[in-house]
Amino acid sequence: MSWLQAIVLGLVQGLTEFLPISSSGHIRIVSTLFFGNDAGASFTAVIQLGTELAVLIYFARDIGNFIGAWFRGLFSKAARATEDYRMAWYVIIGSIPISVLGFLFKDEIRSSLRNLWITATMLIVFGLLLGLADHFAQHIRTKLQLKDAVGMGLAQALALVPGVSRSGGTLTAGLFLGLDRASAARYSFLLALPAVFGAGIFSIPDVLERAEPNAASVPQMIVATIVSFVVGYATIAWLLRYVSKHSYSVFVWYRLLLGMVLMGLLSMGLINAT
C-alpha cells in the first residue's frame, strides 16, 4: 500500500463512518477504483478505531455517566432506575448481535462478502429502506426502549456486509421504531463503540503480520487511523447539527446513484468485483 492510499482511505473512513452511506463500502470502492486493489477487511477494521476514538472523546461525559451508573446499579436499586443505567444496558444488548455474527462469519466477511456486486446491491437496497423510514415513520420519541436496542442492534449486525452501512442500518431501524433523527443518530454512535473497538483490536495482529495482500505498514496504519480520528470528530459534530434540521434524503439519493454507477462499471468490466 502506498502512503497516498493510506491517507486517502483514512480520510474516506473519517468522512463516511457516521454518515448512512457505508464506510466499509466506500473504502472498498475507493481502494479498487483509484488504487487497483482491495485494502482488506483488517485494514478497514483497524482504522475504524480512529473514528470510534472520536466518538469516545465527543461523548466522553455521557459515556462516563453510563459506565458509572452501570457499576452503581450492581449494588443500588436507585441507580438501576436511572436513564443512564438503562442506556448502558441498551449499548451492551445492542452490541451482542454484531459481536456474535462477526465472530461466526469472520472468514466470509474477509472474503466473499467483499464482492463489489454485493456492495452495489446493498447500497441501493438499504438506501431505499432508509428513504422509506425517513419519509413514512413517526419521528417523535427521544427516549430509548429495550425494543430499540434490540432492533438497532440487529440492524447493526447487517453492516458486516460492505454497502449496508452500520450507521445507515441502525438509523433506519431507529426511525422505523419511532425515534426522532437526533436520538437515533446519538444511539447509533454509542452503539458502535464496543463492536468496532473489538473488531479493530482483534484485527491488529493481522495488520502487524501483514497477513492480507496489499497490506499497509504499521506507520501507514497509524497515520490512516489518526486521519480518520480528526476527520471523524468533525463529522460527528456536523451530522448531529444536520439531522436536527434536515431529512436523510440527500444520503438516500447518494446511495442510489453510487450503487447504480458501481453496477454500471462492473457490467462494463471497467473494475473487478473481487
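The values are calculated or read from the model by the stated rules, or taken from the named source; none is laboratory data. Computed from a predicted structure; not experimentally measured. With ideal geometry, Cβ positions are generated from the backbone for all residues, glycine too; neighbour counts draw on all protein chains shown. Areas reflect the complete protein model, heavy atoms only, side chains present, ligands, DNA and RNA absent. Shrake-Rupley method; radii C 1.70, N 1.55, O 1.52, S 1.80 Å.
Before I look further, what does the chain give for accessible area per residue, probe 1.4 Å, in whole square angstrom?
Ligands and nucleic acids excluded, the figure is 45 Å² per residue.
Classify segment 1-70 as rounded, prolate or oblate from the Cα gyration tensor: take a ≥ b ≥ c as the square roots of its eigenvalues, call it rounded if a/c is under 1.5, otherwise prolate when a/b beats b/c and oblate if not.
Because a/c hits 1.5 or more and a/b exceeds b/c, segment 1-70 counts as prolate.
Could you tell me which label, among [x] 30, 22, 16; [y] 40, 37, 17; [z] 46, 22, 16, carries the value of semi-axes √(5λ) of the Cα gyration tensor in Å calculated for this structure?
Comparing each candidate, only [x] matches the computed number.
Classify segment 38-194 as rounded, prolate or oblate, taking a ≥ b ≥ c as the square roots of the eigenvalues of its Cα gyration tensor: rounded when a/c is under 1.5, otherwise prolate if a/b is larger than b/c and oblate if not.
Working: a/c = 2.18, a/b = 1.42, b/c = 1.53.
Since a/c reaches 1.5 but b/c is at least a/b, the shape of segment 38-194 is classed as oblate.
So which lysines pass the test for Lys147, namely a Cα distance under 24 Å, with those fewer than 8 places away in the same chain ruled out?
The qualifying lysines are Lys77.
Rounded to the nearest 500, what is the 222 nm mean residue ellipticity of the chain from helices alone, with -39500 (n - 2.57) per DSSP H run of 4+ residues and division by all residues? Show your work: numbers first, answer last.
Numbers: 13 runs with 209 residues, N = 274.
When only DSSP H runs of four or more count, the value is -25500 deg cm²/dmol.
Determine, from the Cβ-Cβ distance of Lys106 and Ala78 and an R0 of 35 Å, the FRET efficiency 1/(1 + (r/R0)^6), rounded to the nearest 0.05.
0.25
Using a ≥ b ≥ c from the Cα gyration tensor of segment 211-251 (square roots of the eigenvalues), is it rounded, prolate or oblate, where a/c under 1.5 gives rounded and otherwise the larger of a/b and b/c decides, a/b for prolate?
Taking the square roots of the gyration eigenvalues as a ≥ b ≥ c, segment 211-251 is oblate.
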